[in-house]
Amino acid sequence: MNFTRANNILPVGGIIKPFMPTECGYNVEEDISNHTGAIGSLASQAKNIPMLYAEYFRHGIARTYLFALHNADGYGLLESDQATKRPSYFAVKNFVAALKDATWNPGTKKWEGGQFTPKALLFDIPGAPATIHTLVLQKESGQYSLLIWNEVPNYDGGAHKELQPPPAPVQIVFQTPLQAAATVLTQNAQGEYDSSTVQLSANSLSLSVPSSVTIVRLTPQVTPVAAVAAPVGLDGKATEIDADLAWQPVPSAAGYFVFRNGWHIATVTAPRYHDESSWLRPGLGYTYGVQAFDKAGNMSARAQTIVQTAPRFPDLIVTEF
């Protein structure tokens, strides 16, 4: 909703800019300021906020700001006494602690560590429902964090009812060679992570995915490091509602990641892609990126181009107040 609202105010020919949400979250009390009777629960808030962070980051959004730390209109991570910590407080704290890869140096006022060239984690989830979403992060040690969640509601705000969606069973099949032992971090009701060790079988993993972010820590086997050339000749043509991309093949590439406005939308093996997503609107500029990768997960730099969709007239114009 926020994406399309932001894009709809652009004029014909406008180029979509990076999106940064500054007020978001989930309220557990009535939002009086915005005159809405919809509320949530402490349990659903704790599940939903890490999903919100992961979902926005998955869409290429670099920063996401919650509405408030204190209990402003029910959105806060703290109760109204400004001291009692809600489960969502611990959910955010433990989420950050599990994923961080750099340390703040108060003397130099700089982040130290976490500076490296990442490699791709290649995998498929055959037959997974569309509600299964993933995000891959990597640490300087080489360890991957595969974030996976079932993007379904945890609370019925209109009926004021807690929902208990069952976990979705999936089979994750990895192409990247991995060590057999993996660690699974599952969020509990207190906003903490319960840790368990699981074994991959034939480089695949069976998992029951809840409606909260599960973090799967995976250690890659040593693979050769090689330079992968960036795609060249990236070009795109578009109608009002779809776009065709093409580029020159990269000899060492096993495939290509395709991005729209920083959001990974496809992985392809041929040097072309047809985007007919419902996200595309007439008369707007979309930044497409293509990144080549080899079988070992080495990635190229990302080639980018702006593709303008054709305008549709008459456009909606305000002529009188």
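The values are calculated or read from the model by the stated rules, or taken from the named source; none is laboratory data. If you're wondering where the values come from, they're calculated on a predicted model, not measured in any experiment. Virtual Cβ from ideal backbone geometry, glycine too; neighbours counted across all protein chains shown. Please note that ligands, DNA and RNA were not included when accessible areas were found on the heavy atoms of the full protein model with its side chains. Shrake-Rupley method; radii C 1.70, N 1.55, O 1.52, S 1.80 Å.
When the convex hull of its Cα atoms is viewed from all sides, the chain shows a mean projected area of 20.6 nm².
If the segment from residue 159 to residue 38 were pulled out straight at 0.36 nm per residue, it would be longer than the present Cα-Cα gap by 42.7 nm. Remark: segment 4-73 carries 54 Å² of accessible area per residue (probe radius 1.4 Å; ligands, DNA and RNA excluded). For a label point 7 Å from the Cα of residue 82 along Cα→C-beta, name the residues of segment 58-72 whose backbone N is under 11 Å from it. Zone members listed by number: 70-71. When peptides 280-292, 175-187, 11-23 are ranked by their average number of other Cβ atoms within 10 Å per residue, the highest-first order is 280-292, 175-187, 11-23. Of the solvent-accessible surface of segment 202-321, computed with a 1.4 Å probe and all protein chains present, 57% belongs to carbon and sulfur.
Considering only the Cα atoms of segment 254-321, their convex hull presents on average a projected area of 6.0 nm². Accessible area per residue for segment 215-321 is 55 Å², calculated with a 1.4 Å probe on protein heavy atoms, without ligands, DNA or RNA.
Which residues in segment 263-289 have a backbone N closer than 14 Å to a point placed 7 Å from the Cα of residue 312 along the Cα-to-Cβ line? Hits in segment 263-289 for residue 312 at 14 Å: 277-284.
Rolling a 1.4 Å probe over the protein heavy atoms of segment 48-103, with every protein chain left in place, gives an accessible area that is 57 percent carbon and sulfur.
I'd like the FRET efficiency for residue 4 and residue 225, computed as 1/(1 + (r/R0)^6) with the beta carbon distance as r and R0 of 56 Å, rounded to 0.05. Plugging the Cβ-Cβ distance into 1/(1 + (r/R0)^6) gives 0.85. The loop-placed chymotrypsin sites (Phe, Trp or Tyr not before Pro) in segment 115-173, going by DSSP, that have at most 13 neighbouring Cβ atoms within 10 Å of their Cβ come out as 116. Accessible area per residue for segment 126-204, computed on protein heavy atoms with a 1.4 Å probe, is 50 Å². Positive end of the dipole of the chain (Cβ unit charges, origin at the Cα centre): among 143, 206, 12, the Cα lying farthest that way belongs to 143. Centre-to-centre separation between the Cα atoms of segment 79-105 and those of segment 252-308: 34 Å.
Can you list the lysines whose alpha carbon sits under 23 Å from that of residue 119, skipping same-chain ones fewer than 8 residues off? Excluding near neighbours in sequence, the set is 100, 139, 295.
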